[in-house]
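Worksheet for the structure shown next.
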Amino acid sequence: MKDLLFEPIQINQLTIKNRIYMPAMHLAMANQFEVTDRLVDFYAERAKGGVGMITVGYATVDELSGNVTNIGAHDDKYIPGLKRLAQVIQQHGARAAVQLNHAGRYNYSFFINGKQPVAPSAIASRMTRETPKALELSEIKAIIQYFADAAYRVKQAGYDAVEVLSGTGYLISEFLSPLTNQRTDDYGGTLENRMRFGLEIMQAIKGKTGKDFPLIVRMNGNDFMSQGQGQKELHVYARYLVEQAGVDALCINAGWHEARVPQIVASVPRGAFAYLARAIKMQVSVPVIASHRINDPKTARELLSDGMCDMVAMGRSLIADAYLPEKAQHGREKEIVHCIACAQGCFDNLFRLKSVECMCNPTAGYEKKYSVTSLGTPKKVMVIGGGPAGMSAAIAASKRGHHVTLYEQSSQLGGQLFLAAAPPGREEFAELAKDLSNQIHHMKIHVILNHTVTHQTIENEKPDAIILATGAIQATIPIPGVNRPHVVQAWDVLSNKVLTGRRVVVIGGGAVGVETSLFLAEKGTLSPEALKFLFVNKAEDNDTLYTLATKGTKEITLIEMIAEVGKDIGKSTRWTMLQDMTREGIKSTISTQAIEITESGIKVKTPQGLEDIPADTIVLAIGSKSNNPLQPIIEQMKIPFKVVGDAKKVATAFQAVHEGYAAGHEILKD
């Protein structure tokens, strides 16, 4: 039986060896618009991994369209760098394209030397909090030409195709949407006028690059903006792109950056937005590419075989595992490291003005640094602790040729990843635990479970080096009543080791407190299967079904000492979790200090004074503290060691994975 995922496909005259498309993602790895060694190494690795086509970018079309960490395509001087990047992708068997885009009102003035961003109309951006300058007619015509000139540079640089971003809230979609386009000239008002800017750009590109040079457009299937553009107008636009502008393929994404529908985080089910690609595929005669949360070959194959799309865009999936295509094609799918949509290293890094990294793949963006080089003499390495830091350390050390033994005191590897996976929409964290464990099995790393390491264990093992990854233990709070029987720890709640009453107060508004509150709020809500059954059979009206899906059987109050809930949650995920808390009726109080736990509840101190909150169960979610009892013993034994993860300092899973991998790679380096 043929594997649809690895069937060739044609876009215009271009043949692509398989149906896996790596879409453009801003990596912030360019320097002053120039292609860097880091970019070349990153994309070379993905091309080696077997992907059919790679689109880099986005690339700029003028100086207001992006920032210096974008790839430049707005001047001929950037052609040599573009050419170098194309060649490294193509020489490893993948097709290469560049995405062009203009950020419009999504650009920040400080990125463009204090200049004012531009847009169809002077309407402030909710994302940047800045008001753009409304474009003059002559400026619109100039930008259209800039797109065409940039596309021609892409062709000169030897790429196989060019893509234009016409969605996500950037300039072309700002012209398309009545929310951001209040013009009264030929570029505003009716849908026909609002489409004009995008269509003229595509027509200009075709006129400049020729009808045989493939042109792909990445567009929204739905912008998910209140009173914005739903599917109906965008279907018309899709048809016009193909029929009037000669576009050769469409890549369908979902939502603007401002939309309040989650698009990239773990709570979005795999392949959830493929229905948008399916709807547009019914409108056009060219290949349609589905995107968003397609992180495994099984989902990709199902979308293709069900006729939802012609290709699948796998972006962060290929950041997490550059060799996903090769592994899928050769029956090694158990070795794949899946993107878990945590957004901690990709999108959250961009908010911090850092280059993209990956929690699941510490080598992403560091391909040269972590290239495996031979060692003079392999060492005997003992890794103590089988959480994310310990597993990553063991994997890295084994890749370097060391003989590794991994000790874990519990019955399974994974540590706190399983706690992180307990709240609704966070199940993918368990996937990372499984993937890391599978890597350890595949690499034949010796694992000893259910063993608490002692001085005698170390004496028996006689290691040349030790990596301590013993994690953390739950913290408590020094207030009266903390030892009462109705006081429980958040970790025990998340692992279903304890029962909770109807009225629950969660002490601590950090990540663990928020996750525990959401976990408890799901109790008593409809399962997805029950919801679909009742909906299909029209057993209840939609409002009733919505209530049954979002309102559980518990009354939950979250109290936090500082003035902010979820401060330690990444920006990409935090807003979705706070939105879920509001929707599910979780009460949260900030600047609130727990004073005493009583038989009937908890006394707290608020800015307004003392208050009693009735509760059947009190959950402690006040954090954790490092657990590192073996360090003094190892120091006395004078064995070289490194401490990583929570054992060193309580931090995030991302930091644990990266610290562990770095320690394993560098241990006893000759």
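The values are calculated or read from the model by the stated rules, or taken from the named source; none is laboratory data. The shown structure was predicted, so the numbers you read here are calculated from the model rather than taken from an experiment. Note that we place each Cβ from the backbone using ideal geometry, even for glycine, and neighbour counts take in every protein chain shown.
Annotations for the structure displayed:
- Scanning the range 5-40 for residues that are more than 23 Å from residue 81 (Cβ to Cβ) and either touching a helix residue (DSSP H, G or I) at 6+ places or on another chain (Cβ under 6 Å) or of a type in the set (Gly, Ala, Ser) (or both) yields 5, 6, 18, 19, 20.
- Residues in the range 219-246 that are under 29 Å from the mean Cα position of the chain (by Cα) and outside any helix (DSSP H, G or I): 219, 220, 221, 222, 223, 224, 225, 226, 227, 228, 229, 230.
- Number of positions in the range 29-63 that are hydroxyl-bearing (Ser, Thr, Tyr) and touching a residue at least 60 places away in the same chain (Cβ under 8 Å): 3
- The one condition in (1) of a type outside the set (Gly, Ala, Ser); (2) part of a loop (DSSP other than H, G, I, E, B); (3) at pLDDT 95 or above; (4) out of contact with any helix residue (DSSP H, G or I) (no Cβ under 8 Å at 6 or more places or on another chain) that residue 251 fails to fulfil: (2)
- So residue 505, is it touching a residue at least 60 places away in the same chain (Cβ under 8 Å), closer than 26 Å to residue 607 by Cβ and under 23 Å from the mean Cα position of the chain (by Cα): no
- Unmet criterion (only one of (1) outside any strand (DSSP E or B); (2) surrounded by fewer than 16 Cβ atoms within 10 Å (Cβ to Cβ); (3) in contact (Cβ under 8 Å) with a residue 60 or more places away in the chain; (4) out of contact with any helix residue (DSSP H, G or I) (no Cβ under 7 Å at 6 or more places or on another chain)) for residue 632: (3)
- Yes/no for residue 350 being touching a helix residue (DSSP H, G or I) at 6+ places or on another chain (Cβ under 7 Å) and either outside the structural domain of residue 573 (by TED's automatic domain parsing) or hydroxyl-bearing (Ser, Thr, Tyr) (or both): no
Conditions tested, residue by residue: (1) hydrophobic (A, V, I, L, M, F, W, C); (2) part of a helix (DSSP H, G or I); (3) over 20 Å from residue 173 (Cβ atoms).
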{"position": "189", "(1), (2), (3)": "no, no, no"}
{"position": "204", "(1), (2), (3)": "yes, yes, no"}
{"position": "207", "(1), (2), (3)": "no, yes, yes"}
{"position": "217", "(1), (2), (3)": "yes, no, no"}
{"position": "256", "(1), (2), (3)": "yes, no, no"}
{"position": "267", "(1), (2), (3)": "no, no, yes"}
{"position": "275", "(1), (2), (3)": "no, yes, no"}
{"position": "294", "(1), (2), (3)": "yes, no, yes"}
{"position": "298", "(1), (2), (3)": "no, yes, yes"}
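- Residue selected from the range 324-338 under the condition among the basic types (Lys, Arg) and assigned to a helix (DSSP H, G or I), by the criterion nearest to residue 314 (Cα to Cα): 327
- Number of the condition not met by residue 383 [criteria: (1) at pLDDT 95 or above; (2) closer than 30 Å to residue 580 by Cβ; (3) crowded, with 24+ Cβ neighbours inside 10 Å]: (2)
- Checklist (1) over 24 Å from residue 501 (Cβ atoms); (2) surrounded by fewer than 19 Cβ atoms within 10 Å (Cβ to Cβ) applied to residue 524, failing item: (1)
- Consider the range 551-576 and keep the residues that are at pLDDT 95 or above and not in a loop (DSSP other than H, G, I, E, B). The one that is nearest to the chain's Cα centre (by Cα) is 558.
- Test: residue in the range 303-323 that is touching a residue at least 24 places away in the same chain (Cβ under 8 Å), buried (at least 21 other Cβ atoms within 10 Å of the Cβ), at positive phi and not hydroxyl-bearing (Ser, Thr, Tyr): no
- The condition (being in contact with a Gly (Cβ under 8 Å, 6 or more places away or on another chain), at pLDDT 95 or above and farther than 29 Å from residue 644 by Cβ) is satisfied by just one residue among 506, 482: 506.
- Here is the figure for the range 1-53: residues that are of a type in the set (A, V, I, L, M), closer than 27 Å to residue 301 by Cβ and assigned to a loop (DSSP other than H, G, I, E, B) total 4.
- Cβ pairs under 7 Å, 6+ apart, first in the range 87-107 and at positive phi, second acidic (Asp, Glu) and surrounded by 24 or more Cβ atoms within 10 Å (Cβ to Cβ): 104/174
- Scanning the range 63-102 for residues that are assigned to a helix (DSSP H, G or I), among the hydrophobic types (A, V, I, L, M, F, W, C) and closer than 17 Å to residue 11 by Cβ returns 86, 89.
- So residue 206, is it free of Cβ contacts under 8 Å to residues at least 12 places away in the same chain and of a type in the set (Lys, Arg): no
- Cβ-Cβ contacts under 6 Å between residues 6 or more apart (or on different chains), taken from a first residue in the range 389-406 that is part of a loop (DSSP other than H, G, I, E, B) to a second residue that is among the aliphatic types (A, V, I, L, M) and crowded, with 24+ Cβ neighbours inside 10 Å, are listed as 402/381.
- Residues that are within 19 Å of residue 211 (Cβ to Cβ) and of a type in the set (Val, Ile, Thr) were ranked within the range 142-183; the one that is surrounded by the fewest Cβ atoms within 10 Å (Cβ to Cβ) is 144.
- Restricting attention to the range 577-596, the residues being buried (at least 21 other Cβ atoms within 10 Å of the Cβ), in contact (Cβ under 8 Å) with a residue 40 or more places away in the chain and in contact with a Pro (Cβ under 9 Å, 6 or more places away or on another chain) number 2.
- Condition check for residue 313: modelled with pLDDT of 95 or more and in contact with a Ser or Thr (Cβ under 6 Å, 6 or more places away or on another chain): yes
- Number of positions in the range 370-384 that are touching an Asp or Glu at 6+ places or on another chain (Cβ under 8 Å) and among the polar types (S, T, N, Q): 1
- Between 222, 253, 193, the distinction of being buried (at least 21 other Cβ atoms within 10 Å of the Cβ) and closer than 30 Å to residue 153 by Cα belongs to 253 only.
- Looking at 82, 137, just one residue is modelled with pLDDT of 95 or more and more than 14 Å from residue 60 (Cα to Cα), and that residue is 137.
- Residues that are under 18 Å from residue 385 (Cα atoms) and part of a helix (DSSP H, G or I) within the range 409-428 comprise 417, 418, 419, 420, listed in sequence order.
- Remark: pairs (first residue in the range 640-654, farther than 12 Å from residue 389 by Cα and assigned to a loop (DSSP other than H, G, I, E, B); second residue at pLDDT below 95 and not charged (D, E, K, R); Cβ separation under 7 Å; 6+ apart in sequence or on different chains) = 640/668.
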